[in-house]
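Peer 1: First, the structure itself, so that you have it in front of you.
Any read-out appearing in this document is the output of simple, stated calculations on the displayed coordinates, not a laboratory observation. Note that the structure is predicted; figures quoted are calculated from it, not measured. FYI the Cβ positions are ideal-geometry reconstructions off the backbone, even for glycines, and counts take in every protein chain you see.
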Amino acid sequence: MESESPNDWIDVASAADLSAGQAMEVVVGEHVIALFRDADSLYALDGLCAHQGGPVAKGELSKTDAGKTCVTCPWHGWQYELATGIQTVNRQPLQRTFPIRERNGRVEVQV
Ligand code: FES
């Protein structure tokens, strides 16, 4: 059974503007959202770091030993798994994630 309504997805960017290894920050209503793409997938996280509100979209991407793509906040180095928002040191899901997809050349999120 289809659980989503087409209206749930919000167009936030051109897919061409978010190539592999890149990030961008968008504002959807009252949410600042950091968008990322690695070699395999798109990701959307809260754009304001759970620590002190640093700009997550400006962080460096890297891989954990387990092969998960992470972003490191540029302010104090907290690191989050993109797929889950889990902070890699304390293993808690501190950073909110949002559903994201690519459709017809556009990037869409649900908030
Ligand atoms: S604000 Fe992100 S690590 Fe401190």
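Peer 1: Counting just the residues of the range 32-53 that are crowded, with 19+ Cβ neighbours inside 10 Å and within 9 Å of the ligand (Cβ to nearest atom), which one comes out farthest from the chain's Cα centre (by Cα)?
Peer 2: ALA50
Peer 1: Please go through the range 64-95 and pick out each residue that is within 15 Å of the ligand (Cβ to nearest atom) and surrounded by fewer than 12 Cβ atoms within 10 Å (Cβ to Cβ).
Peer 2: Once the filter is applied, which keeps residues that are within 15 Å of the ligand (Cβ to nearest atom) and surrounded by fewer than 12 Cβ atoms within 10 Å (Cβ to Cβ), the range 64-95 yields HIS76, VAL89, ASN90, GLN92.
Peer 1: Residues that are assigned to a loop (DSSP other than H, G, I, E, B), out of contact with any Leu (no Cβ under 6 Å at 6 or more places or on another chain) and more than 20 Å from GLU102 (Cβ to Cβ): does the range 25-38 have at least one? Working first, answer last.
Peer 2: Here is the first cut: in the range 25-38, the residues assigned to a loop (DSSP other than H, G, I, E, B) are 29-30, 38.
This time we only want the ones that are out of contact with any Leu (no Cβ under 6 Å at 6 or more places or on another chain), so: 29-30, 38.
Then keep just the ones that are more than 20 Å from GLU102 (Cβ to Cβ); that gives 29-30.
Looking through the range 25-38, at least one residue is assigned to a loop (DSSP other than H, G, I, E, B), out of contact with any Leu (no Cβ under 6 Å at 6 or more places or on another chain) and more than 20 Å from GLU102 (Cβ to Cβ).
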